[in-house]
Amino acid sequence: MNNSLANTARLLGAGLRALLVLTLVTGVIYPLVVTGVAQALFHNKANGSEVTYDGKVVGSSLIGQQGYSQAYFQPRPANGLGENSLNTRYKLILSGATNLSADNKNLIKQVEDAKAKVVKDNSVPGHPVRPSEVPADAVTSSGSGLDPDISPAYADLQVHRIAEKNGLTVAQVQKLVDEQTQGRTLGFIGEPRVNVLELNIALRELVAKN
């Protein structure tokens with residue numbers, strides 16, 4: 001009987017020591033090492049890829065924002081975010097897609113309304129926009145609703161409006177878009193893209209210089 005109690009006590013003691021050691025290693029040491037390495041080698045990415053302008057964090061290069069005025073480049077629609085999102089000021093409650101099928105009447109109406117708005121907003125005197133020129137990403141949201149990028153085609157479509165609203169030449173704005181356009185990752189992954197937040201920051205700096 002005494003041997004049984006002793007063995008039980010020994011096993012419990014060994015289990016407790018193992019628990020404490022594993023808790024220390026996996027719950028304290030490992031997270032500290034990983035955090036330290038991330039902060040030392042990948043500081044910006046580890047902190048959410050924050051974008052700073054004028055000494056303030058204005059967003060993340062990984063998260064699209066809504067609510068830009070017509071003087072700035074517009075992002076993709078965010079129909080999947082829901083009504084309780086505060087994403088207009090870089091504060092998120094949720095993300096998500098619409099989960100609507102391609103033949104869903106609500107989705108079709110959303111796309112048609114979005115296309116009509118893009119055409120109206122970006123048609124300026126001497127440069128009307130045709131519905132056929134509107135790219136898909138201008139009228140559809142991404143799977144998360146938070147896509148930070150737009151296609152070069154959608155950015156190009158907005159150039160004349162941006163030039164008119166900000167008193168710039170079309171050539172100046174087009175040059176800005178070309179400079180901000182990123183190619184495929186490693187030359188073959190994904191598609192060329194333009195980060196809307198970074199493009200709008202560059203636009204603001206350009207306007208300030210003129």
Given (1) modelled with pLDDT of 95 or more; (2) over 18 Å from G67 (Cβ atoms); (3) of a type outside the set (D, E), index of the condition G183 fails = (1)
Just need a number here: residues in segment 178-204 that are in contact (Cβ under 8 Å) with a residue 12 or more places away in the chain, assigned to a loop (DSSP other than H, G, I, E, B) and among the basic types (K, R).
-> 0
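A quick yes/no check of all residues on (1) β-branched (V, I, T); (2) closer than 16 Å to V194 by Cβ; (3) in the same structural domain as A97 (by TED's automatic domain parsing):
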| site | (1), (2), (3) |
| --- | --- |
| V129 | yes, no, yes |
| S132 | no, no, yes |
| T140 | yes, no, yes |
| S144 | no, no, yes |
| S151 | no, yes, yes |
| A155 | no, yes, yes |
| L168 | no, no, yes |
| Q174 | no, yes, yes |
Note on V196: of the conditions (1) surrounded by fewer than 18 Cβ atoms within 10 Å (Cβ to Cβ); (2) at pLDDT 90 or above, unmet is (1)
Boolean, S142 is under 23 Å from S69 (Cβ atoms) and part of a loop (DSSP other than H, G, I, E, B) | yes
Helices (runs of 4 or more DSSP H) contained entirely in segment 1-113, each with at least 2 residues that are assigned by TED's automatic domain parsing to the domain that holds E198, under 26 Å from D156 (Cβ atoms) and at pLDDT 85 or above | none
Which residues, taken from segment 149-160, are under 16 Å from Q65 (Cα atoms) and surrounded by fewer than 23 Cβ atoms within 10 Å (Cβ to Cβ)?
-> S151
Output the residue which, of all residues in segment 145-167 that are assigned to a loop (DSSP other than H, G, I, E, B) and closer than 21 Å to V207 by Cα, is farthest from the chain's Cα centre (by Cα).
-> G167
Would you mention how many residues in segment 29-80 are surrounded by fewer than 13 Cβ atoms within 10 Å (Cβ to Cβ) and of a type in the set (D, E)?
-> 1
Does segment 125-137 contain any residue that is closer than 22 Å to L203 by Cβ, touching a residue at least 40 places away in the same chain (Cβ under 8 Å) and assigned to a helix (DSSP H, G or I)?
-> yes
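The values are calculated or read from the model by the stated rules, or taken from the named source; none is laboratory data. Note that the structure is predicted; figures quoted are calculated from it, not measured. Using ideal geometry, Cβ is built from the backbone for each residue, glycine included, and neighbour counts are taken over all protein chains shown.
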